[in-house]
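Heads up, the thing below is written out as structure tokens.
The values are calculated or read from the model by the stated rules, or taken from the named source; none is laboratory data. Just so you know, these numbers come straight off a predicted model, no measurement behind them. Note: ideal-geometry Cβ built from the backbone for every residue, glycine included; neighbour counts use all protein chains shown. SASA here: full protein model, heavy atoms, side chains in, ligands and nucleic acids out. Shrake-Rupley method; radii C 1.70, N 1.55, O 1.52, S 1.80 Å.
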Amino acid sequence: MTSKSSDKTVKDGNSKPSRLMKWLREAILMVLVLIAVSTGLDVWRSQSMPQDVIPPLVAQSTTGEHIDLIARSHEKPVMVYFWGTWCSVCRFVSPTINWLDDSYDVVSIAVNSGDNRRLNAYLNHHEYSFATINDDRGSLMRQWGISAVPSVFIIKDGEVSSVTTGFSTPPGLWLRMKLAS
């Protein structure tokens, strides 16, 4: 009789979900929780950051390139990447920023990362080609109200189009730039 009742259960479709389905549901739930927490952290961290018009930023890169951020952003969207050589999360985000630099305008601001010679050696060692402004005392970071690195801004026409802090995925950053274009 046991065989007939278990056959009936399978035929009726009332069998318990497989382990794979349980695992899949749990994985989806974890991803949704991660997205919610990440979004909440972005909102909380970005409270003191510029939300509309950005502070004027005219500076020289570590290689001597003249950078006028607002003027550049009127030509096309600019990704502004605040980071540090000492930042462990930046080690995962910087390769994505470098990849995006091939197709988009990227300006990075290295915070508390030493003098230009040391910073250029770091950039060369990692084969990063994005333009970098040295914020060796953290004054730009304070001016922009940044409390955590990495922080990534998308600037269009002198205004903030998007801002994110912490770990960011390549598709997420690419999509932010696409939407600003």
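Given all pairs of different Cα atoms, what value in angstroms does the Kirkwood hydrodynamic radius of the range 62-181 take? Display every interim value, and only then the final one.
Values: mean 1/r = 0.0705 Å⁻¹.
The answer is 14.2 Å.
Provide the solvent-accessible area of HIS126, counting protein heavy atoms only and rolling a 1.4 Å probe, rounded to the nearest 10 Å².
80
Please report, in Å, the Rg and the Dmax of the range 131-181, where both are computed over Cα atoms only.
12.0, 33
Given points 7 Å out from each Cα along the Cα-Cβ axis, report the VAL89 to GLU75 separation in nanometres with one decimal.
With each label point 7 Å from Cα toward Cβ, the separation is 3.1 nm.
Give, in nm to one decimal, the length gained when the segment between TRP23 and SER129 is fully stretched (0.36 nm per residue of separation minus the Cα-Cα distance). Display every interim value, and only then the final one.
Working: separation 106, 0.36 × 106 = 38.16 nm, distance 4.13 nm.
Between TRP23 and SER129, full extension yields 34.0 nm more.
How large is log10 of I(q)/I(0) for the range 106-163 at q = 0.23, 0.28 Å⁻¹ when the intensity is taken from the Debye formula with one equal scatterer per alpha-carbon?
-1.01, -1.23
Want the number for SER147 to GLU65: 0.36 nm per residue separation, take away the alpha-carbon distance, what's left?
Values: separation 82, 0.36 × 82 = 29.52 nm, distance 2.70 nm.
Gain on extension, SER147 to GLU65, equals 26.8 nm.
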